[in-house]
Structure formats: C-alpha cells, structure tokens
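The values are calculated or read from the model by the stated rules, or taken from the named source; none is laboratory data. Keep in mind that what you see is a predicted model, and the values were worked out from it rather than measured. When we count neighbours, we look across all protein chains shown, and the Cβ atoms used for this are built from the backbone with ideal geometry, even at glycine. For accessibility, only protein heavy atoms count, side chains too; no ligands or nucleic acids. Shrake-Rupley method; radii C 1.70, N 1.55, O 1.52, S 1.80 Å.
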Amino acid sequence: VAISFLEASNLVNIISSRKEKVIVSVRSHLSNELGGDKRLRIYKSMIRKWYNKVYRVVAPSHVIKDDLVENFSVSAEKVSVIYNFINQAEVEKLATEPVEHRGETDIFRFPVIINVGRLYDQKGHLFLPPIMKRVKEKINNVKLVILGEGPLKQQFIKIASENNLAVYDYAAKDQYGETVNMDGFDIYLLGFKNNRFPYLERSKVFVLPSLFE
C-alpha cells in the first residue's frame with residue numbers, strides 16, 4: 001500500500017504506482033484553496049482523471065468529500081471519510097502539564113481567547129485584531145493568545161498596531177528584557193508549542209477564524 005498526502009504528492013503516488021494499492025488523502029477544501037488560482041484548472045483536470053483510478057481517497061470531513069464529488073467528479077464510492085484522530089485520555093493528561101515558560105502563566109490570570117494555527121492566509125488571523133479591538137470595548141482586560149508561526153506574522157503585528165493593540169512576540173522576547181511585564185499586552189504570539197493543551201485548558205474561549213478548513 002502506498003499512502004500520500006496533499007495533491008502534488010498524491011499525483012506522484014498515482015503516476016508512479018505499479019501493483020500496490022494507492023491511497024491518497026485530501027486534507028483541505030480544494031475549491032476554496034485553489035479558487036482564483038491558475039492551478040485550479042490543472043488540478044481539477046488531473047484529479048478528475050486520476051483520483052478515480054486509485055484504491056481509495058481519504059477525506060477528514062464530509063464537506064471535503066462533497067467538494068471532491070461535486071466539483072472534481074470523484075466517485076463518491078471512492079471517497080472514505082476518516083475524521084482526524086484524538087486520544088482523549090492523552091489530551092486530558094497533557095492538559096494538566098504546566099505551560100512551557102513560567103512568565104506565560106501570568107497571561108491566564110485574565111480571560112484569554114486562544115487560537116492554534118499557522119499564520120497563513122486560510123487561517124484568517126488578520127481578521128482578529130479589529131475583532132479584538134471591539135471585544136476589548138466590552139471586556140477591557142481580555143487577552144488574545146495565538147500558538148503558531150507563519151509568513152503573515154509581521155502583517156498581523158502591523159494590523160494589531162493600527163488597532164492600538166500591543167503585541168508580545170515570543171520570537172523577539174530578548175528585546176523586552178528579563179523584567180518584562182506580561183500584563184501590558186493585548187495579544188500574545190507565543191509561537192509553536194509541542195504541547196498546546198495546557199494553553200487551551202487555561203483559556204476561556206477558542207476562536208477559529210479560518211476561511212476554509
């Protein structure tokens with residue numbers, strides 16, 4: 001069995017196959033991801049031609065399956081929906097661990113809105129600063145925590161500044177000095193975390209601003 005993820009790898013897997021069973025996994029809503037992109041026509045043609053020849057197409061949601069069937073002409077019988085796996089007992093155990101850095105604990109003395117995700121277009125992070133500005137008009141001491149890195153970080157910080165929100169960037173922590181007052185920020189970019197569950201456990205609200213997932 002040869003299993004692959006994401007369209008470029010999936011197509012290589014299909015074209016290079018011999019006698020093995022080919023399973024390809026589609027992880028996003030392709031019509032949205034490729035909408036307006038010149039690659040859409042190419043991928044649509046290749047997916048329509050090749051995905052119906054594989055042993056199985058795996059999607060993590062019925063919405064993604066429907067997109068493949070309706071917009072890419074993949075046979076519904078070929079597509080299996082397998083949700084992303086969660087080990088609840090392990091998650092509950094990990095959530096009891098401390099946050100990675102002692103100073104970050106202070107953030108959670110306040111009501112925290114949290115998001116976990118790469119700072120990429122599809123995640124919708126750039127909508128959060130103006131939303132936070134409006135939320136702070138109602139709840140003055142609310143904080144926003146984002147766990148993740150990505151190419152939109154500087155643009156995000158710029159938009160936050162335009163909305164009069166102070167941003168703490170963990171990657172630039174050395175510039176704050178050892179005595180930094182963690183209370184003095186509105187938004188905390190804490191970077192990638194191996195264990196995100198203690199942060200989720202301590203937060204009040206999880207926000208998902210994604211444009212498509």
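On a full-extension model of 0.36 nm per residue, what is the gain between Y120 and R41, subtracting their alpha-carbon distance, rounded to one decimal in nm? Spell out each step's value before the answer.
Details: separation 79, 0.36 × 79 = 28.44 nm, distance 2.28 nm.
That works out to 26.2 nm of additional length.
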When all protein chains stay in place, what accessible area (Å², nearest 10, 1.4 Å probe) is found for T96? 110 Å²
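What do you reckon, how do F127, F72 stack up by accessible area (1.4 Å probe), largest on top? List each step's numbers first, then the result.
Details: F127 115, F72 0 Å².
Per-residue accessible area, sorted high to low, gives F127, F72.
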At 7 Å along Cα-to-Cβ for each site, give me the label-to-label distance between V81 and I139 in nm. 3.2 nm
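Please state the shape class of the stretch 148-213: rounded when a/c is under 1.5, otherwise prolate if a/b exceeds b/c and oblate if not, all from the C-alpha gyration tensor. Before the final figure, lay out each step's value.
Values: a/c = 1.57, a/b = 1.18, b/c = 1.33.
Here the stretch 148-213 falls in the oblate category.
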Accessible surface of the chain [probe 1.4 Å, protein heavy atoms]: carbon and sulfur percent: 52 percent
If amide hydrogens are placed 1.01 Å from N in the peptide plane, which non-local residues have theirs closer than 5 Å to the one on Y188? L144, V145, I146, Y168
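How would M46, M132 line up by accessible area, probe 1.4 Å, largest first?
Working: M46 60, M132 5 Å².
Order by accessible area, largest first: M46, M132.
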Which value, in Å², gives the accessible area per residue of the chain when a 1.4 Å probe is used on the protein heavy atoms? 60 Å²
Measuring from label point to label point, each 7 Å out along Cα→Cβ, what is the N195 to H62 span in nm? 3.6 nm
Rolling a 1.4 angstrom probe over the protein chains, ignoring ligands and nucleic acids, what is the accessible area of F5 in square angstrom, nearest 10? 110 Å²
Taking a threshold of 27 Å on the Cα-Cα distance, which of the pairs K49/K123; K44/K78; K65/K158; K65/K143 fall above it? K49/K123; K65/K158; K65/K143
